[in-house]
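Read through the structure below, which is laid out as structure tokens, and then see the notes.
The values are calculated or read from the model by the stated rules, or taken from the named source; none is laboratory data. Not measured: the values here are computed from a predicted model. No Cβ is skipped: glycine too gets one built from the backbone with ideal geometry, and neighbour counts run over all protein chains shown. Ligands, DNA and RNA are excluded from the accessible area calculation, which covers all protein heavy atoms including side chains. Shrake-Rupley method; radii C 1.70, N 1.55, O 1.52, S 1.80 Å.
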Amino acid sequence: MSMKIEYNKTIQKATNVTFQAHHVSRSKRGQVLGNHEGFRGCTIWFTGLSGAGKTSISFDLEAYLVSRGIPSYSLDGDNVRNGLNKNLGFTKEDRQENIRRVAEVARLFADAGQICLCSFVSPFAEDRVMARKIHEDANLPFFEVFVDTPINVCESRDVKGLYKKARQGLIKRFTGIDQEYQKPECPDLVVKTVEQTVEESMLQVVEMLEENGIIPSIRSADDVIELFMDEMTLKETMEKIEDIPKLTITTLDLQWVQILSEGWASPLKGFMREDEYLQTLHFNCLKTNQDEITNQSIPIVLPINSSDKERLQNSSKIALYHNGEVYAILSDPEFYYHRKEERISRQFGTTNKDHPYIKMIYESGDWLLGGDLQVLKRIRWNDGLDQYRFTPKELRTKFHKMGADAVFAFQLRNPIHNGHALLMTDTQQQLKERGFKKPVLLLHPLGGWTKDDDVPLDTRMLQHQAVLDEGLLDETNTVLAIFPSPMMYAGPTEVQWHAKSRMCAGANFYIVGRDPAGVPHPAGKEGSIDGNLYDATHGGRVLKMAPGLKYLEIIPFRVAAYDKKGKKMDFFDASRAGDFEFISGTKMRTLARTGENPPDGFMAPKAWNVLANYYQSLKK
């Protein structure tokens, strides 16, 4: 028969005591504690027989959370009785006081913003109800986890010999032998350790925390929204395609269609309408229907000219064509004026028309067309590189099959030298030292439009593959894939886009370098003190503060340079600065054009040959 248990014990309270309110709110603590935004304070109460696996799961979970930047602390029964509760025995009254004290301490940990993990046999249901009530009265989440392990299994794990002593009568009132254990009737989670490993049991608790919104979904980001038509809709659309008004789009527009259709810009469902555009332009983020904030720092818009606007403004659907082939249907269109100077100044921080992407915006249409997209099929470029083009969902599946427990992404649009490889291998080692067993690198060069003097995509992919072939990166723990976005050279604003899109692909760590999306100032040193459009450090600094990147931890970039003594790329050491040489991109290109080799250890020989062959081909 079900038994409802309430905690209503009368505890004598101290007199002349007044509760003092904190000056710091929980939300404020959540802003500064750990690597993920938001208050996460709660208590997880592991209950079960001695030897059930409570402490093993708790300690594993503590390591898992802390390694991911989420503050957590384990309170273990034996440890607490060695200190705080060393004056308590094992009578019913002492057991109750033991649990009360622990629950109060756990409440303080939770109020401080930590996830407190309590591993206590706590055999009596009324004591566990008391522990829950202490948290509920403080408006703090409390989760009871029943580690359900049969007593014969617990006895077989009895490394302390407690069951043996209890059966010999040497220990009195031992739970499960001569002391009743009252099983939880409605625990928040039941974990059966006989059927699974400690890690599998621990991940059950992680899943419970994710489902209850206590921690961000570490193993996957927000749901990716793909915009492809199903077969039935595609068939119906093609039957009526001649009746749908046509709009011809540019190659750049088609690259943005690919971005939207594959889900890199989730939760966007098409080219931005004006409200979405304004949120992005002024706040660098979007607010979803659930009032969730997701980072979206760059506008994804479709410019059109005035004659197309006049022709199409009364249409309910518009078919988007490129090179005579239909790719997508835009529904419920919204037209709004393309205020180019406002867009450019807010996105780029300059309106100089010599900036390569700004020039294209000024030359584009005077109107913007927003609306939901339905894309007929995967966009393929048939350039011999489509095998490297994976959607966010495909990448997540790939990481899962590889057994990745962490994914760290590296954004680049330039060739890889040995300093880059050092940074990536060092990051992988750091993650392993934090407790990750299988950190996987997403080597993710940008594959959309770039300015004319950048190394073209096919050469870069050959060069990246050569780096893998030379063994500078561990190919078994690396995924080389193309990120289909165009490059805008928009500094810290664009860096957020690069990070957010990798988050959609399942990355939970992101390496950001110096000036990762910048270009020289079009006016040179007349335009800025150092001749650069953006400060070299601002991209990384902005990422650490950017809203809507709660699933992503930013890995600081360590500067690498050529160590002339060691004859290799190494992390810069200011104490012997004279031993290091910074080999600029200009110098690297000059060496490649003239057929000279860089210093030994600067770049893998096979990778350098790819680069040198490209630059020397330009002379021909």
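Here segment 512-559 is the region considered, the condition is being β-branched (Val, Ile, Thr) and modelled with pLDDT of 90 or more, and the residue that is nearest to residue 292 (Cα to Cα) is 542. Residues in segment 191-208: is at least one part of a loop (DSSP other than H, G, I, E, B) and more than 24 Å from residue 57 (Cα to Cα)? Scanning segment 191-208 turns up no residue that is part of a loop (DSSP other than H, G, I, E, B) and more than 24 Å from residue 57 (Cα to Cα). Would you confirm, using the coordinates I've provided, whether residue 570 is of a type in the set (Asp, Glu), surrounded by fewer than 20 Cβ atoms within 10 Å (Cβ to Cβ) and touching a residue at least 40 places away in the same chain (Cβ under 8 Å)? Yes. For segment 537-554, the set of residues classified as in contact with a helix residue (DSSP H, G or I) (Cβ under 6 Å, 6 or more places away or on another chain), in a loop (DSSP other than H, G, I, E, B) and open to solvent by 30 Å² or more (accessible area, probe 1.4 Å) consists of 551 only.
Scanning segment 47-79 for residues that are closer than 18 Å to residue 113 by Cβ and in a helix (DSSP H, G or I) yields 61, 62, 64, 65, 66, 67.
Which of the residues that make up segment 93-107 are among the polar types (S, T, N, Q) and within 15 Å of residue 78 (Cα to Cα)? Explain how you work it out, then say what you get.
Step one: of segment 93-107, the residues among the polar types (S, T, N, Q) are 96, 98.
Across segment 93-107, the qualifying residue is only 98.
In segment 437-448 there is no residue that is in a helix (DSSP H, G or I), at pLDDT below 95 and either in contact with a helix residue (DSSP H, G or I) (Cβ under 8 Å, 6 or more places away or on another chain) or open to solvent by less than 10 Å² (accessible area, probe 1.4 Å) (or both).
Conditions tested, residue by residue: (1) touching a residue at least 24 places away in the same chain (Cβ under 8 Å); (2) closer than 30 Å to residue 333 by Cα.
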residue	(1), (2)
188	yes, no
201	yes, no
211	no, no
228	yes, yes
233	yes, yes
236	no, yes
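Restricting segment 128-159 to residues that are farther than 17 Å from residue 58 by Cβ and not in a helix (DSSP H, G or I) leaves a set whose member that is most open to solvent (accessible area, probe 1.4 Å) is 139. Across segment 309-360, the number of residues qualifying as touching a His at 6+ places or on another chain (Cβ under 9 Å) and without any contact (Cβ under 8 Å) to a residue 40 or more places away in the chain comes to 1.
Does residue 419 qualify as being modelled with pLDDT of 90 or more, more than 22 Å from the chain's Cα centre (by Cα) and open to solvent by 10 Å² or more (accessible area, probe 1.4 Å)? Break it down into steps so the answer makes sense when it comes.
Details: modelled with pLDDT of 90 or more: yes; more than 22 Å from the chain's Cα centre (by Cα): yes; open to solvent by 10 Å² or more (accessible area, probe 1.4 Å): no.
No, not satisfied.
Annotation note: of 247, 260, the sole residue that is touching a Gly at 6+ places or on another chain (Cβ under 8 Å) and outside any loop (DSSP other than H, G, I, E, B) is 260. Considering only residues of segment 584-618 that are in contact (Cβ under 8 Å) with a residue 24 or more places away in the chain, among the aliphatic types (A, V, I, L, M) and open to solvent by less than 60 Å² (accessible area, probe 1.4 Å), which is nearest to residue 417 (Cα to Cα)? That would be 603. Say we look at segment 276-292 and pick out the residues that are among the polar types (S, T, N, Q) and under 13 Å from residue 547 (Cα atoms); which of these is surrounded by the most Cβ atoms within 10 Å (Cβ to Cβ)? The extreme case among them is 280.
Among the residues examined, residue 534 qualifies as outside any helix (DSSP H, G or I) and crowded, with 22+ Cβ neighbours inside 10 Å.
Checked against (1) under 25 Å from residue 450 (Cα atoms); (2) assigned to a loop (DSSP other than H, G, I, E, B); (3) open to solvent by less than 20 Å² (accessible area, probe 1.4 Å); (4) hydrophobic (A, V, I, L, M, F, W, C), residue 557 passes all but condition (3).
Against the criterion of being β-branched (Val, Ile, Thr), under 23 Å from residue 145 (Cα atoms), at pLDDT below 75 and surrounded by fewer than 16 Cβ atoms within 10 Å (Cβ to Cβ), residue 5 qualifies.
Being assigned to a helix (DSSP H, G or I), of a type in the set (S, T, N, Q), open to solvent by 10 Å² or more (accessible area, probe 1.4 Å) and in contact (Cβ under 8 Å) with a residue 12 or more places away in the chain, is that true of even one residue in segment 497-518?
Kept after step one, since they are assigned to a helix (DSSP H, G or I), are these residues of segment 497-518: 497-504.
Checking which are of a type in the set (S, T, N, Q) leaves us with 501.
Then drop every residue that is not open to solvent by 10 Å² or more (accessible area, probe 1.4 Å), which leaves none.
No, there is no match, as no residue in segment 497-518 is assigned to a helix (DSSP H, G or I), of a type in the set (S, T, N, Q), open to solvent by 10 Å² or more (accessible area, probe 1.4 Å) and in contact (Cβ under 8 Å) with a residue 12 or more places away in the chain.
Taking every residue in segment 139-158 that is on the phi < 0 side of the Ramachandran plot and pairing it with any residue that is among the basic types (Lys, Arg), at least 6 positions away or on another chain, the pairs with Cβ-Cβ distances below 6 Å are 142/132; 147/54; 148/192. Going by what's in this entry, would residue 125 be described as closer than 19 Å to residue 186 by Cα and surrounded by 20 or more Cβ atoms within 10 Å (Cβ to Cβ)? When the stated conditions are applied, residue 125 does not pass them.
Report, by residue number, each residue of segment 80-127 that is outside any loop (DSSP other than H, G, I, E, B) and among the aromatic types (Phe, Trp, Tyr). Quick ask: steps written out before the conclusion?
Applying the first criterion (outside any loop (DSSP other than H, G, I, E, B)) to segment 80-127 yields 80-81, 92-111, 115-119, 125-127.
Selection gives 109 alone.
Within segment 337-355, can one find any residue that is in contact with a Lys or Arg (Cβ under 7 Å, 6 or more places away or on another chain) and of a type in the set (Asp, Glu)? Walk me through how you get there before you give the answer.
Within segment 337-355, the first condition is being in contact with a Lys or Arg (Cβ under 7 Å, 6 or more places away or on another chain), and the residues that meet it are 353.
This time we only want the ones that are of a type in the set (Asp, Glu), so: none.
Among the residues of segment 337-355, not one is in contact with a Lys or Arg (Cβ under 7 Å, 6 or more places away or on another chain) and of a type in the set (Asp, Glu), which makes the answer no.
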